[in-house]
Every structure is written in structure tokens, then in C-alpha cells.
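The values are calculated or read from the model by the stated rules, or taken from the named source; none is laboratory data. Just so it is clear, the model here is predicted, and its values are computed rather than measured. Every residue, glycine as well, gets a Cβ built from its backbone with ideal geometry; the counts of neighbours run over all protein chains shown. To get the accessible areas, we keep the full protein, side chains included, count just its heavy atoms, and leave off ligands, DNA and RNA. Shrake-Rupley method; radii C 1.70, N 1.55, O 1.52, S 1.80 Å.
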Amino acid sequence: MLDARIGDYVAVARRERGGQNWFVGAITDEEGRTLDVPLDFLTPGKRYVAEIYADGPGAHWLDNPLPVAISRQTVTSASRLRMALAPGGGQAIRLRPAD
């Protein structure tokens with residue numbers, strides 16, 4: 001569990017069983033919000049590629065649920081990810097070793 005408030009939002013991380021990939025997921029209620037998630041669970045000194053699947057521009061659970069923005073960035077255990085969640089939205093991230 002990375003961050004949560006019962007009834008409002010949750011952000012979790014899980015390592016692939018027997019592997020080095022990590023998966024991060026977040027979801028929110030009908031209120032949009034921004035989460036600042038630390039990646040200190042990653043192996044120190046190692047670089048990772050974050051493949052980010054986020055709510056796209058104008059996304060909203062009620063009248064525009066389909067926009068998705070896909071991006072990539074390099075991160076480490078010292079990085080923090082800013083997750084902008086649309087109302088009723090979420091985000092999924094795959095973290096894989098860059099080296």
C-alpha cells in the first residue's frame with residue numbers, strides 16, 4: 001500500500017512473482033486528485049523504465065471515460081511519481097529494469 005484513504009482513493013504496488021518487474025495501480029472515487037507516490041520500494045542504485053497508462057485529457061467517469069495517455073520515463077528508488085487521477089479515474093504503471 002503506497003497511499004490510501006478509505007472510500008476515496010488507493011495506490012498500491014506489487015512486484016512480479018519471481019521477477020524484477022513492479023506494477024503500480026491507483027484509483028479514485030468521483031473526485032479527481034493528484035497523488036505524489038515515492039518509489040522507494042525499488043532496488044536502490046538500479047534504473048527502471050516506467051510505462052505509464054494514465055487518464056487522458058478531459059477524462060471523467062460520467063461523460064468521458066475513454067481518454068488514455070501513455071508515456072514512459074526513467075526512474076530510480078529516489079524518484080517520486082505525480083499521479084493525476086481524473087474523477088472516477090485511475091492509473092497503471094509497469095516498472096521494468098532499464099539495464
In nm, to one decimal, how far is the Ala4 label point from the Glu31 one, both placed 7 Å along Cα→Cβ?
1.8
Env charge @ Leu35, Cβ radius under 14 Å, K,R +1 / D,E -1, value -2
When all Cα-Cα pair distances of the chain are considered, the percent exceeding 20 Å is 36
Before anything else, pin down the relative contact order of the chain: Cα pairs under 8 Å, at least 6 apart, normalised by residue count, whole percent.
36
In the neighbourhood of Arg72 defined by beta carbon distances under 14 Å, the net charge of the other residues (Lys, Arg +1; Asp, Glu -1) is +2
Per residue, how many Å² of accessible area does the chain show with a 1.4 Å probe?
61
Computed lengthening from Arg80 to Phe41, 0.36 nm per intervening residue step minus Cα-Cα distance
12.9 nm
In a shell of Cβ-Cβ distance under 15 Å around His60, excluding His60 itself, what net charge do Lys and Arg (+1) and Asp and Glu (-1) give?
-4
Quick one: dipole size for the chain, taken about the Cα centre, charges +1 on Lys/Arg Cβ and -1 on Asp/Glu Cβ, in debye to the nearest 20.
580
Distance in Å, no decimals, from the C-alpha centre of the range 39-53 to the one of the range 1-30 is 14
